[in-house]
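Engineer: Questions regarding the structure given below will be posed in turn.
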């Protein structure tokens, strides 16, 4: 219900809009109920729908590829993706560093909490795509790790 106050020729009117269907509005003016026909059709505003892109896992696997590999195949190549939106507080590695699984790569502030982003790959840090104080979104590539 919406409330309005009008002043017409020094007379005060308190108007409450109770209901609107098509172009008929039910209003209460100073305690008296009226059904009013509106000349143009009233468009009700709709709440916008938030559309998010599909979140990708930080590993570079595809659903059709098995999550295990043979012991002789090369390991540790790929990208590290951001797991949730936030701000990069500190980058703990630099290009050329060798990292192992579980090594701390960077600290991310998200929802007023500090989150450590650890490596899920082994290898050489090929490139770092973010700097400290950068804002990142879920799924953004943070760095590339190669062999």
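Bear in mind these aren't lab numbers, they're just calculated from the coordinates by the rules spelled out. Source: prediction; values computed, not measured. All Cβ positions, glycine included, derive from the backbone under ideal geometry; neighbour counts span all protein chains shown.
Engineer: Could you please rank 99, 51, 15, placing first whichever residue has the fewest other Cβ atoms within 10 Å of its Cβ?
Structural biologist: Taking fewest neighbouring Cβ atoms as first place, the list is 51, 15, 99.
Engineer: Using the number of other C-beta atoms within 10 angstrom as an exposure proxy, rank 143, 111 with the fewest first.
Structural biologist: Result, fewest neighbours first: 111, 143.
Engineer: Alpha carbons only, please: Rg and Dmax for the stretch 78-146, in angstrom.
Structural biologist: For the stretch 78-146, the Cα radius of gyration and maximum Cα-Cα distance read 10.9, 32 Å.
Engineer: Hey, with R₀ at 30 Å, roughly what FRET efficiency would residue 2 and residue 50 work out to, going by the Cβ-Cβ distance, to 0.05?
Structural biologist: That gives a FRET efficiency of 0.75.
Engineer: Can you put 87, 47 in order of Cβ neighbours within 10 angstrom, beginning with the fewest?
Structural biologist: 47, 87
Engineer: Give, in nm to one decimal, the length gained when the segment between residue 116 and residue 100 is fully stretched (0.36 nm per residue of separation minus the Cα-Cα distance).
Structural biologist: Once the chain is fully extended between residue 116 and residue 100, it gains 4.3 nm.
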